[in-house]
1. Pick out, from the range 518-566, the strands (runs of 3 or more DSSP E) lying fully within it that include 3 or more residues that are buried (at least 17 other Cβ atoms within 10 Å of the Cβ) and among the acidic types (D, E).
2. Answer yes or no as to whether R706 is among the basic types (K, R) and in contact with a helix residue (DSSP H, G or I) (Cβ under 7 Å, 6 or more places away or on another chain).
3. Please state which of the following conditions A750 fails to meet, knowing it meets all the rest: (1) within 30 Å of Y664 (Cβ to Cβ); (2) at pLDDT 85 or above; (3) not β-branched (V, I, T).
4. Restricting to the range 71-89, name every residue that is among the basic types (K, R) and closer than 20 Å to A620 by Cβ.
5. Determine, yes or no, whether I400 is hydrophobic (A, V, I, L, M, F, W, C), touching a Leu at 6+ places or on another chain (Cβ under 7 Å) and in a strand (DSSP E or B).
6. Can you name every residue in the range 635-644 that is open to solvent by 70 Å² or more (accessible area, probe 1.4 Å) and in contact (Cβ under 8 Å) with a residue 40 or more places away in the chain?
7. Looking at the range 318-340 only, could you name the residues that are at pLDDT below 95, surrounded by fewer than 21 Cβ atoms within 10 Å (Cβ to Cβ) and in a strand (DSSP E or B)?
8. Starting from the range 84-99, take each residue that is at negative phi and list its partners that are surrounded by 12 or more Cβ atoms within 10 Å (Cβ to Cβ) and acidic (D, E), counting only C-beta distances under 9 angstrom and pairs at least six apart or across chains.
Amino acid sequence: MKLQNIFILFLLQVSALAQEKFTIKGYVKDKKNGEALIGVVISKKGTSIGVSTNEYGFYSLTLPKGQYTLVTNYLGYKTIEKSVDLTQNLTLNFELEEVDNQLQEVEVSSEAEDKNVKSIEMSTVKLDIKQVEKIPALLGEVDVVRAVQLLPGVTTVGEGASGFNVRGGNVDQNLILLDDAPVFNSSHLFGFFSVFNPDAVKDLKLYKGGIPSQYGGRSSSVLDVRLKEGNNKQFEANGGIGTIFSRLSIEGPIKKEKSSFIIAGRRSYIDVLAKPILSKKQPNLKNAQFYFYDLTAKVNYRINDKNTVFLSGYFGRDVFGAGFTFDWGNATTTLRWNHIFNPRLFMNLTSFYSNYDYKIIFTQPGNNQKFEWRANIVNYSLKSDLSWYVNANNTVRFGIQDILYQFNPTTAIITDAEGRSTDLSLEKKYANELALYVSNEQKLNDRFTLEYGIRVSDFAYLGNTTKYTYRDTTPGIELPLQAEEKNDNFFKPIKNYIYPEPRFSANYVLNNVSSLKWSYNRMVQYIQIVSNTAATTPLDVYTPSTNNVKPLIADQISLGYFRNFKENMFETSVEVFYKYFQNQLDYIDNADLLINKYIESQFLQGIGRAYGLEVYIKKAKGKWNGWLSYTLSRTERKVLGISNNDWFLSKYDRTHLINFVNTYDFNKKWSASVTFVFLSGTPATFPDAKFQIQGYNVPYNTTNQRNNFRITPYHRLDVGVTWNIDAMKTKRFKNQLVLSVYNVYNRRNAYSIYFRTNPDNPNETQAVRFSVIGSIVPAITWNFNF
């Protein structure tokens, strides 16, 4: 009887395998402008069987032979149902139409919008640029990075600080991608604005945990920013005139529905507005420069149904000068080729170039004296990403990437009054990072989904530079030099590191409205920023992992409960996480980090940990939408030679973080928005004693504890009102006015606190609060579209 059952089971398996299956593939695009839509769910009606479109709007769904009804599901767009008789492989493209009236509390599609519950992703937030545009911002300008800073687990050290910090990580631990090319400095104007032009951005996604295996090279997060392809239906222009800068973008078809382009530019004009005033009151500043500009462009061409190519680029600079010249900026270029080998195998081949550089030039009027300092980091990369849609329950992704790094830490030349030059430049450094990855998203049943994979990275610190070797010594003091040896062979590595980086995610659906998710990922970071300031500056440089500097390793586990309410009107999640760092870079006290060829003698490496709780409530439909989040976390470090060798608070630690973002559409003409932010103060090292030298107080810390105090909390309220002037008209030209107030109740948030001797009483030491923005900042912006 047992043999008979086994035989029957065998026949059933053979029958299942023999069942004829076919594949439906295609692209999903916006009907209005032809833009590829990312994350659209295409499913078999009445079941949980389905797939999501990838970053290029492509999908592939394999089903047994038969008749089906396919349903598209995408928030903000009308649902399409399409009946198919699947007797062969089919190509089926969809063009989705936006819902005209989003002011009603109704479902946008016939299917429940429960992707946040059903998908494998956790610790991940996707923002549509339309959401970002509604958030009130500094001086009324839409800002991608500032929108990211309003998400749970994301902080910044203060106003005017570049970048952002995720779950206790440093700014350099975020992999920021613009069409796959890394951006090393994401800010303009010392951190007040981001480098991303909102008119050119289509989509952005932040991974804080559960990071897929195709990403690597940073230890804390990935911010993946995707540019628009350009309207392939008709020509379109967008722009705006604001308080301190203006912008303009033009897009349209090169060949209708086959090729399109977009080009977008911005330029600030603080210098132009201030020049008449400075010329009268400060004649020596009449030629002062203080502005930024950027240019973003992209073009694509669909060769045929199986091949599409994309070319995109970004170039931006900040210029600051008053008797000197200081400018910095990013430049990126990305070339991509999409190819469909067969209905189940999709490939994206990418090559990119990325360069971040800065320069400072001081000159002495009337003679030849001059100081010139330049530095940069350059990346060249080629990578191939493939997606194999095995069946409706398995999607395999695999690929390979190679990155060549060039580090120029300092090119510095001093010229004296007689014209004699002294070269203080440091040697360039070179490195290569090769990585292979594979992962599988597997749906075990209607409730249980897994994604498991691994990334293996091989980092080589290359030759054509000098190898420095240091002796061990007492932790916390400068390492003594043992030997320096010139390696003239570029292809002979000085040091190799090979690390496996496992990734795992799981989702168990408890019922139709809730699920339990957990994830683990290891991230290895081979380049780290060199800076001992609280906030990054444009002058910061990167150093590769060498024979003296080990790679930064971060292991993170996350557990989350996800639940939707009121027919998916409200999305909620509660996540806990724990992250453990190894080889985190730090520095000895009073480290010399500028133009120092023995800079590695100033380094220390230690361990770190970050753990916390994130609560997120979001409403994405109807007149009122937005989110409320709360983060409770702790970030600590332990480095031998610092803080008595004990654990101490990281400078990025923020115990409490509250973000409230709310927008309300009164009607098609008027809408309002409000944001409120509260963060615990940043840790700082304060003195607890003082001594006097020639009547001057010298404060010092007798405990040797680092970050032993915390400055005052940060909180701020912003409001904005948008008037869509032509909302009720059908003419093509549309414009709007955006009125905003930043820091409504005039809070003077402390960026830092320093100590000085009271000039009126030498025996008294004063604590002085430094605020970057200490007043209300109103603004008005006029936006237009035609």
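1. Once the strands (runs of 3 or more DSSP E) in the range 518-566 are filtered for at least 3 residues that are buried (at least 17 other Cβ atoms within 10 Å of the Cβ) and among the acidic types (D, E), nothing remains.
2. Working: among the basic types (K, R): yes; in contact with a helix residue (DSSP H, G or I) (Cβ under 7 Å, 6 or more places away or on another chain): yes.
It is true that R706 is among the basic types (K, R) and in contact with a helix residue (DSSP H, G or I) (Cβ under 7 Å, 6 or more places away or on another chain).
3. Single failed check for A750: (1).
4. Residues of the range 71-89 among the basic types (K, R): 78, 82.
Residue satisfying the conditions is K78 alone.
5. yes
6. Scanning the range 635-644 gives L640, N644.
7. V319, F320, G321, F324, T325, F326, D327
8. Listed by first residue and then by second, the contacts come to T91/D305; E95/D30; L96/D30; E97/D30; E98/D30.
The values are calculated or read from the model by the stated rules, or taken from the named source; none is laboratory data. Remember, predicted model here, so these are calculated numbers, not experimental data. Ideal geometry is used to build each Cβ from the backbone, glycine not excepted, and the neighbour counts take in all protein chains shown. Note: accessible area is taken over every heavy atom of the protein model, side chains too, but ligands, DNA and RNA are not part of it. Shrake-Rupley method; radii C 1.70, N 1.55, O 1.52, S 1.80 Å.
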